[in-house]
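Please read the structure below before turning to the comments.
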Amino acid sequence: MIKKVFSFFLFIFFMIILVLFSGCGKKKNAQEALAHFHQGNQYMQKGEIDLAIEEFKKAVKLDPKFSEAQNNLGGAYMQKGMVDEAIVHFKNTIEFDPDYAKGYNNLGGAYAQKGMFEEAIKNLQKAVEINPNYVDVYCNLGRLYIQQKNLDASIFSFKKAIALDDRNFDAHHNLALVYYSQKRLDEALEELKKALEINPNSASTHAGLGLVYKEKKMPSQAIDEFKKALEIDPNNQVAKANLRSIPGGGEIE
C-alpha cells in the first residue's frame, strides 16, 4: 500500500516537473521570437528586406501564433513583390488573432495586388468592422472602388477618411480625382487646394489642379500649376503634355 502511494506521488512529482519545464520552454521561445521580431523591424527600417524576412521567419518558427510577426513577414514579402507568400502570412495573422484589423487591411491590399477585388473589399470591410476609426482602410477602399468604377462608394470612403482625419493628404487628393472624373470641378478644386495645404510639394496634385483650371477655362492659373508641378518633378508627364497644349504655355526644357 505504501509503495503504491509512493509511486502515485512520484508520478505527480514528475508531471509537475514536466509541466514546469514545458512552460519554461514556451516562455524562452516567446522571448527569442520577440528578439527576432525586433531585429526584423530594425532591418525593415534600414530597407534590408531580405534580412528582415529571415528574422521574421525565425520569429514565427519559434512562435507560430505571434500574429504581429506573421503580419510583418507578410509585409516584407509584399515589399519584395512576393504576393502569394504574403497572403499566406496575412492569413496566419488573422487566424491566430481574428480581431487584428491591420491583418485584414494588409490581406485586402494583397488581394487587390492580384486583382481579386471582391476578396480585397471583403477583408477591408472586416478591418473597419473591427476598427471603425481605421483611416487607412477607408482610403484603400476608396481606391478599390475607383478601380471597380463604383464612384459613389469611393466618394463615401474618402469622405469617411476625411471625417476621421481632415489632414489626410491621400483622401483629399483621391477624392478630388473622383470629382474631376465626374466633372464636379468646383468640388475637385476645393479638395486639391486642401491637399496642397497638407503637402505643397506634391507634383501630381499641382498637375491635377492645373487640369481643373484648364477645364474651367482659366489658362493662366493652369499654366502656373503645371509649371509648379514641373519644378517639383521635371518628368511629370501630365504637366508636360498639358502645358504644351495651352497657348502661352511656353517651351519645356
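The values are calculated or read from the model by the stated rules, or taken from the named source; none is laboratory data. The shown structure was predicted, so the numbers you read here are calculated from the model rather than taken from an experiment. Positions of Cβ are backbone-derived with ideal geometry, glycine not excepted, and every protein chain shown enters the neighbour counts.
Yes/no matrix, rows are residues, columns are (1) over 20 Å from Tyr77 (Cα atoms); (2) of a type outside the set (A, V, I, L, M); (3) more than 17 Å from the chain's Cα centre (by Cα):
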{"position": "Lys102", "(1), (2), (3)": "no, yes, no"}
{"position": "Ala127", "(1), (2), (3)": "yes, no, no"}
{"position": "Tyr134", "(1), (2), (3)": "yes, yes, no"}
{"position": "Tyr145", "(1), (2), (3)": "yes, yes, no"}
Before we move on, is Lys114 of a type outside the set (Ser, Thr, Tyr), surrounded by fewer than 22 Cβ atoms within 10 Å (Cβ to Cβ), in contact with a Gly (Cβ under 9 Å, 6 or more places away or on another chain) and more than 25 Å from Asn242 (Cβ to Cβ)?
-> no
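Table: residues versus (1) assigned to a helix (DSSP H, G or I); (2) modelled with pLDDT of 75 or more; (3) touching a Phe, Trp or Tyr at 6+ places or on another chain (Cβ under 7 Å).
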position	(1), (2), (3)
Phe13	yes, no, no
Lys27	yes, no, no
Leu51	yes, yes, yes
Pro64	no, yes, no
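Among the residues of region 85-108, is there at least one that is over 26 Å from Asn199 (Cα atoms), touching a Pro at 6+ places or on another chain (Cβ under 8 Å) and crowded, with 20+ Cβ neighbours inside 10 Å? Before you say what the answer is, go through the steps one by one.
Our first condition is that a residue be over 26 Å from Asn199 (Cα atoms); within region 85-108, this holds for 85-101, 103-104, 107-108.
Adding the requirement that they be touching a Pro at 6+ places or on another chain (Cβ under 8 Å) leaves 92, 96.
Applying the additional criterion that residues be crowded, with 20+ Cβ neighbours inside 10 Å yields 92.
Within region 85-108, one or more residues are over 26 Å from Asn199 (Cα atoms), touching a Pro at 6+ places or on another chain (Cβ under 8 Å) and crowded, with 20+ Cβ neighbours inside 10 Å.
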Hey, among the residues in region 157-204 that are under 19 Å from the mean Cα position of the chain (by Cα) and aromatic (Phe, Trp, Tyr), which one's surrounded by the most Cβ atoms within 10 Å (Cβ to Cβ)?
-> Phe158
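Return yes when Ala241 is more than 20 Å from Asn174 (Cβ to Cβ) and in a helix (DSSP H, G or I) and no when it is not.
Numbers: more than 20 Å from Asn174 (Cβ to Cβ): yes; in a helix (DSSP H, G or I): yes.
Taking the combined requirement at face value, the residue satisfies it.
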